[in-house]
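The values are calculated or read from the model by the stated rules, or taken from the named source; none is laboratory data. It should be emphasised that the depicted structure is a prediction, and the values quoted were computed from it without experimental measurement. FYI the Cβ positions are ideal-geometry reconstructions off the backbone, even for glycines, and counts take in every protein chain you see. All accessible areas refer to the heavy atoms of the entire protein, side chains included, with ligands and DNA or RNA removed. Shrake-Rupley method; radii C 1.70, N 1.55, O 1.52, S 1.80 Å.
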Amino acid sequence: MTSIPDQLDRPFGLIEALLEAQQQLTAVEEFSARMEMATQNLPLATRHKPAQTSSYRSLLPASPPGPNQQYAFEVDLDTCSGCKACVVACHTLNGLEDNESWRRVGAITIGGSVPETKHVTTACHHCVDPGCLAGCPVAAYVKDPLTGIVRHLDDQCIGCKYCTMMCPYEVPSYSQRLGIVRKCDMCHQRLAVGEPPACVQACPNGAISIRVVESDEPVGERLVAGAPHSSLTRPTTQYRAHHPPGVGIAQDESEDEPADAHWPLAVMLVAVQTSVGIMAFERMLSNISSMSLHPSSRIDGFALAAVVVGLAIVPLHLGQPFRAWRIFLGLKTSWLSREAVLLGMYAGLLSLIILLSTGWARLLLPRVEIAFQPGLMELLRWATLAVGSLGVISSAMIYIATGRELWKFSRTSIRFCGSLVVCGAAWISVISSLELPIGEHLRLLALVTVAALAAKLSWEWSTHLKSGFVKHEDNLVRRSRSLVNGRLATFKWLRLLTGLSGGGLLLVASTGQLGPIGTACCAVGGACLLTCGEVAERLLYFSSVVYPRMPGTLR
Amino acid sequence: MSGIEPQRPAVRQLQLPIVLQQRDGAMTRELLLQPGEHGLGMTPQSLTADNVTTAVCGYCSTGCGLRIHVRDGAAVGLTPASEYPVNLGMACPKGWEALRVLESDDRATRPLLRDAGGRQCAVSWDEALTTFCHRMKGIQAAHGKDSVAFLSTGQIACEEMAFLGVLAKFGMGIKHGDGNTRQCMATAATAYKESFGFDAPPYTYDDFEQSDCLVFVGGNPCVAHPIMWERVLRNEHSPEIIVIDPRRTETASAATLHLPLAPKSDLVLLYALTRCLIRMGAVDDDFVRQHTSGFERLREHVESFTLECASAATGLEADRIESAARRIADARRVSLWWTMGVNQSYEGVRTAQAIINIALLTGNIGRPGTGANSITGQCNAMGSRLWSNTTNLIGHHSFESFQDRRKVADILRVDSGLIQTEAGWAYDRIIEGIARGEIKALWVIATNPAHSWIHQANVRELLGKLEFLVVQDMYTTTETAQLADLILPAAAWGEKEGTFINSERRYGVHKRVRRPPGEALADFHIFRAVAAYWGLDEMFSEWTDPAAVFRIMKRISRGQPCDITGIEDYAQLDRCGGIQWPWSEADASSVAVPVTHRRLFSDGEFFHADRRARFVVDAISSQPETPDDEYPLLLMTGRGTVSQWHTQTRTSKSPILRKLYPNQAYVELHPNDAALYNVSHGQAVLIRSRRGKVVANACLTPIVGRGRIFLPMHYEDTNRLTLSHFDPHSRQPSYKNCAVKIEPLRGRTLPSSSQAQP
């Protein structure tokens, strides 16, 4: 570089002046005087009138719904050009979080001689039979009897996320910040004053409108291609298009992301099933005279510990655990409510058994002799097992009730009952090995465990763990398997390794060759591994679930 | 206020007691809406305003009015302005989120200077500007004044463009400067200038509503200009909509007739349509005789473009082409619209002129619902065409004309000897100049060539060769800013004021309603500071603020077709919902309030000396790179979704916008081609051209057609593939045609690390 040419001014104070000027905001003073003048002369009612009014009269119904009628969204798919202003308007005009919107837009590709891309905007369908409402354990959903709008009561929600499973349309979405879900309320506050919902007033093409529909109108098979069966919840949104509904392929068809693994739920389910399993085996063995196993406080204590661990972990799953005391409010419709109440009773009954059988009660209630009759204790144990079993059935029904194909009765009950048998047998063999001389019963129980495990593992292998192509396979099963063998492969191997090694250790223990301490360690280690394996199985159950959904886009 | 909420019956439904069912509380109140004043309607807490003001949007050339919600002087949010004559209360997602992208962590807040170790370190403005002048002057002293160049943008205000143009050219003696508008509008500008005698898009958006036949050529307004599409849908004349586009886009699907022609066969098709129209007797003989010249040449030229020849070239059935011509011939008010499919082409100018020819020969110009109408790209591409002082002398004057130089020199009170006697290099020549070592320093303002310029790998390498690269931008993370020796932190739209000119020639005001982060300064202020540090105080003594520069612009425009001497000030622009050019003192004296929708050429008088429009025709050129055995597919690029803007420096900063488009690069591929190359939907594929390679997820869709693939331009690597070739007249890059091949990759989808950069 050559010489530095001529003078370089350093204008004094310029930068400071510019920086200061840059921070002054004067647009309002400069421009707003006119607006103030323009509006000041108008009557108050007109001043407050929304400026947008003119554009949306035709997008609202002329009259409110009558009996057996409700409001519904109507979407003209032929007019929608896919701009997605509805999504952002919903976000903005409802003051939602940074990346929160109650509307989504997906795409459908239609083939044939005149191919096209259709965009599908979707929000809450304000269903006639809302799954969210039926599933909610705390009555945090209400369906307005007059408008049919399905509203979520944010201050009532405990953040259990069960509605996100019960809604086939993935409408309620969970907010980490609030610890609750939120969802579309059809801008009921706007409708109440004659303004249309945010999405309706923001669509440049007028493609979304509010209509009054008959509540008992028959529903079609699905709203659009790939969508869930409308029979599940009877959604009210009406999609109009020149194509018949259901034509085309969603752009994100088969593009499945792993679902939430819900680890606290997985641990809770396995713990509860272990507990009930232990009680079931206790009942069985103590009624087989040859087994010489007697009810013991160790068994009761163990069962109680398992269920308490399970129930203690649940609050980690809840966004608002301190509101959860209202969990009984949903008993009428919600399997989650029923599960919570039953398992609470189960834990209470187990505690009572321990109280009575350890003699603590004698100190507290010295005069109540009747409580210590052996026959009564037997009855109490049977009752406890019954309540626990109903709890486990409720657990299963929670997921079966979602209508998700991969969580249907057979697939869920085999897993849940399987865990109950495998873990119950494993742990009762461990407990009995601590109490009794190692002998036939341990060998027998270990063999029962390993046999049950082998059966369960082979079922899991054939239904969802194995990789590779399978002829005539159900679409959802194939997609789920591809997740298990792809993004979730870690869980898969964890499940297999823990299961197999746990079973192996139990077999070794059952030989009794390792001496009392070695055998006990081996048995405990085996049971722990087996239980971890069941938890891994449950994590896969949650995270590998796929189900029909509204169209999305590539990610 | 009458709601449509049904009357509640006197006996309310049985409800649980409050202690059991909390129907109110902090979380419920968070979503409570309040009746908003200022015409806002029901408004959430976060958006309540003590005042509102309108600003014209800073993304695309539609130029929507956005209603800024102001609390304590600062913007808290925005909604589309209900009464703005452009958008009528609507906006696309980019506009809705225009304020959110200002809050990003990667905003440039202090000048950054690359130190000896190669790191970009924060320095004071004083040091930055001193270094700027010192290095620039040093390089000019060593290698000549022309060794410094600048690349500007269509994203800054007219006043800023004018400042930059005058400062760089007349003040700093920089001859070579161009804008990124070269990538979008150069073709339209060149075509108009030659055909009409001035770069004058003749239309108003009202024409969308008045036409009974709309022809879209190489345009997809549903995605690129959704608010213009809004206007099309408001057309009450059940118009014919003819879409000429290789892909079956959303717009094509909504058309009454789609011509899915082979890519780059548009000029043949248009000439064939012209021939058909002439044979159908659709020529407006009076108009052609009185107001045009060159018709006989046109007639002779198109004679060889028979339906058979066009059918062979375009792959369309002959009767489909004829049907399109018939619809144009039968309609009373035909408007023809084109966008990047035409402009970004190696023969774009002639294609645009073929469209203009059709409008002229059928007399479809100057009347409501007619016109040969170029839809512009960026918010102020039109401003760049008039005020950037690059291709044209400021105010659409001519560098070559002595009178023009004299006029400008007098108004600006500069020595006319400082004004160059010819235009500087176009963008591609500047890039070549860097390659040849003739350009040593480059000043890049609000654009991102390291992403957007054609044959990108080459550009990145060349930018690295520069002795001094200055990037003036609102973000430090753009691909170009990463390469800079000096970053000057700029305030953005919403943090400064000025005017934009939209596609329909409408001046609109944008306003300062947010404080920029840190020490970021408006581009206007940066130019002021550069002028002062360069020692040009006197030359710019009148250039104190944008409003003052607007007054200078008015003086310069006097007597030009783009005369704006009748516009009073920003307040009038604000009051009127923007004002289209021309609006001269004479216009203003005859009508008190400017008519909202005005179109040009209603008198058939064009801007050539003989007042006649020209029919311009040319021979068909061949594509430089066609698919062959090795690279069997044709790559088209373009806009992916409404929520993505250009190189995504802004749109990737909004969390809600990021949810609206695929975050990973994707490529549209016909299912039959996919089967041929063993690619499944969603699978990652490797796309190779002779220049580079790109990985993208396959999106199988028949809308793209066989033998072609479509890759959106927004993803960082797209232009690694494109072939560097240009329209010979406009120097605009031809982005939409090069040969590629694809192969599937093993993984199903891209790992998240290769996401589009935020």
* **Nearby aspartates and glutamates by direct alpha-carbon distance to B:K145 (threshold 12 angstrom, same-chain neighbours under 8 apart not counted)** => B:E438
* Asked: Would you list A:V267, B:V509 from the most to the least accessible area, probe 1.4 Å?
  -> A:V267, B:V509
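Across peptide B:33-40, what mean number of C-beta atoms from other chains lies inside 10 Å of a residue's C-beta?
Numbers: counts 11, 1, 6, 3, 4, 8, 10, 5.
The per-residue average across the peptide is 6.
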* Structure fact -> Asserting the computed 222 nm helical MRE of chain B (DSSP H runs at least 4 long, -39500 (n - 2.57) per run, divided by residue count, to nearest 500) equals -8000 deg cm²/dmol
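May I have the convex hull volume per residue, in Å³, for the Cα set of the range B:259-301?
Working: hull volume 3.7 nm³, N = 43.
Considering the Cα atoms of the range B:259-301, their hull volume per residue is 85 Å³.
Just the accessible area per residue of the range B:628-758, please: how many Å² with a 1.4 Å probe?
Values: 4380 Å² over 131 residues.
So the range B:628-758 comes to 33 Å² accessible per residue, rounded to a whole number.
Taking the Cα centre of chain A as the origin, how large is its charge dipole in debye, to the nearest 20, when only Lys and Arg (+1) and Asp and Glu (-1) carry charge on their Cβ atoms?
Values: 46 positive and 44 negative charges, 276 e Å.
About 1320 debye.
For the range B:560-630, run through the GluC sites (Glu not before Pro) and keep only the ones in DSSP coil with at most 12 other Cβ atoms within 10 Å of their Cβ. All intermediate terms of the calculation are to be shown ahead of the outcome.
On the way: sites: B:E568, B:E585, B:E605, B:E625, B:E630; in loops: B:E568, B:E605, B:E625, B:E630.
Filter output for the range B:560-630: B:E630.
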* To do: Pop out the carbon and sulfur fraction of the accessible area of the range B:566-672 as a percent, whole number, probe 1.4 Å.
  => 46 percent
* Structure fact -> With Cα coordinates, the longest principal axis of chain A makes an angle with the long axis of helix A:409-435, in degrees rounded to 10, of 40 degrees
* Asked: Among the trypsin sites (Lys or Arg not before Pro) within the range A:176-261, which fall in a DSSP loop and have no more than 13 other Cβ atoms within 10 Å of their own Cβ?
  -> A:R177
* Any idea what Rg and Dmax come out to for chain A if you just take the C-alpha atoms, in Å? -> 30.9, 111
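What does the accessible area per residue of the range B:392-496 come to in Å², with a 1.4 Å probe and no ligands, DNA or RNA counted?
Ligands and nucleic acids excluded, the result is 31 Å² per residue.
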* Structure fact -> Placing +1 on each Lys and Arg Cβ and -1 on each Asp and Glu Cβ in the protein assembly as shown, then taking the dipole about the Cα centre, the residue among A:P11, A:V272, A:S462 whose Cα reaches farthest towards the positive end is A:V272
* Sorted from largest down, give the three principal axis spans of the alpha carbons of the range A:467-555, whole angstrom values. => 61, 25, 16
* Any idea what the dipole of the protein assembly as shown comes to, in debye rounded to 20, about its Cα centre with Lys/Arg Cβ at +1 and Asp/Glu Cβ at -1? -> 2760 debye
* Size of charge dipole - the range B:233-299 - debye, nearest 20, with Cβ of Lys, Arg +1 and Asp, Glu -1, no other charges -> 300 debye
* **Accessible area buried between chains A and B, both sides summed, probe 1.4 Å, in Å² to nearest 100** => 9400 Å²
* Structure fact -> Straight-line reach check, B:K496, cutoff 18 Å on alpha carbons, 8 or more apart in-chain or any other chain, hits among lysines -> B:K511
* Asked: Any idea what diffusion coefficient the protein assembly as shown gets from Stokes-Einstein, in µm²/s, Kirkwood Rh on alpha carbon pairs, 37 °C, 0.692 mPa s?
  -> 95 µm²/s
* Structure fact -> Of the residues B:L233, B:A592, A:L434, the Cα lying farthest along the dipole of the protein assembly as shown towards its positive end, which is defined by charges on the beta carbon of Lys, Arg, Asp and Glu, belongs to A:L434
* To do: Over the range B:97-189, with every protein chain in place, what whole percent of the accessible area is carbon and sulfur at 1.4 Å, could you tell me?
  => 47 percent
* Under 5 Å, built H, 5+ apart or other chain: amide partners of B:Y203 -> B:L600
* Structure fact -> With the range A:402-479 reduced to its Cα atoms and the Debye formula applied, log10 I(q)/I(0) at q = 0.16, 0.18, 0.20, 0.22 1/Å amounts to -0.69, -0.78, -0.88, -0.97
* Please report the Cα spread of the range B:512-619 along all three principal axes, rounded to whole Å, starting with the longest. => 52, 42, 29
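Could you tell me the relative contact order of the range B:109-168? Use alpha-carbon pairs under 8 Å, at least six residues apart, and round to a whole percent. List each step's numbers first, then the result.
Working: 32 pairs, mean separation 10.4, N = 60.
Normalised by residue count, the contact order of the range B:109-168 is 17 percent.
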* Structure fact -> Heavy-atom accessible area with a 1.4 angstrom probe orders A:W493, B:W337, A:W459, A:W335, most exposed first, as A:W493, A:W335, A:W459, B:W337
* To do: Skip the ligands, DNA and RNA, and give the accessible area per residue of chain A with a 1.4 Å probe, whole Å².
  => 41 Å²
* Structure fact -> The answer for B:D50, listing residues at least 5 apart or on another chain whose modeled amide H is closer than 5 Å to its amide H, is B:V70, B:R71, B:D72
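As a test of reading the structure, rank B:E716, B:E159 by solvent-accessible area (1.4 Å probe, protein chains only), most first.
Values: B:E716 65, B:E159 0 Å².
Final ranking, largest accessible area leading: B:E716, B:E159.
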* Structure fact -> Any residue on another chain or 5+ positions along whose placed amide H is under 5 Å from the amide H of A:A225 is listed here as A:G246, A:V247
* Asked: Quick one: with all protein chains in place, what share of the accessible area of the range A:178-273 is carbon or sulfur, to the nearest percent (1.4 Å probe)?
  -> 53 percent
* Structure fact -> Quick numbers on the range B:20-99, Rg and Dmax over C-alpha atoms in Å, give 14.8, 55
* Pairs A:K408/A:K466; B:K440/B:K736; B:K193/B:K554; A:K118/A:K161; B:K264/B:K741: which exceed 28 Å Cα-Cα? -> B:K440/B:K736; A:K118/A:K161
* Give me a single rounded figure for B:652-659: the average over its residues of other chain Cβ atoms within 10 Å of their Cβ. => 5
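State the Kirkwood hydrodynamic radius of the range A:51-127 in Å, one decimal place, computed from all pairs of distinct Cα atoms.
Values: mean 1/r = 0.0666 Å⁻¹.
Hydrodynamic radius (Kirkwood, Cα only) of the range A:51-127 equals 15.0 Å.
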* Asked: Accessible area drop of at least 50 Å² (1.4 Å probe, protein heavy atoms): which residues of the range A:177-222 qualify, relative to the chain alone?
  -> A:Q189, A:V193, A:P204
* With the calculation restricted to Cα positions, what are the radius of gyration and Dmax of the range B:335-378 in angstrom? -> 10.6, 32
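Looking at the range B:512-560, which trypsin sites (Lys or Arg not before Pro) are in a loop (DSSP not H, G, I, E or B) and have at most 16 other Cβ atoms within 10 Å? Intermediate values should be presented prior to the final figure.
Values: sites: B:R512, B:R514, B:R528, B:R551, B:K554, B:R555, B:R558; in loops: B:R512, B:R514, B:R558.
Listed in order of number, the matching sites are B:R558.
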* Asked: When the Kirkwood radius is taken over all Cα pairs of the range B:1-145, what Stokes-Einstein diffusion coefficient follows at 4 °C and 1.567 mPa s, in µm²/s?
  -> 62 µm²/s
* Where q = 0.09 Å⁻¹, what log10 of I(q)/I(0) comes from the Debye formula for the range B:576-729, counting one point per Cα? -> -0.54
* Asked: What list of ³J(HN,Hα) values in whole Hz, one per residue of the range B:171-183 in order, does the Karplus curve 6.51 cos²θ - 1.76 cosθ + 1.60 (θ = phi - 60°) give from phi, with Gly and Pro shown as x?
  -> x, 8, x, 7, 7, 9, x, 8, x, 5, 5, 4, 7
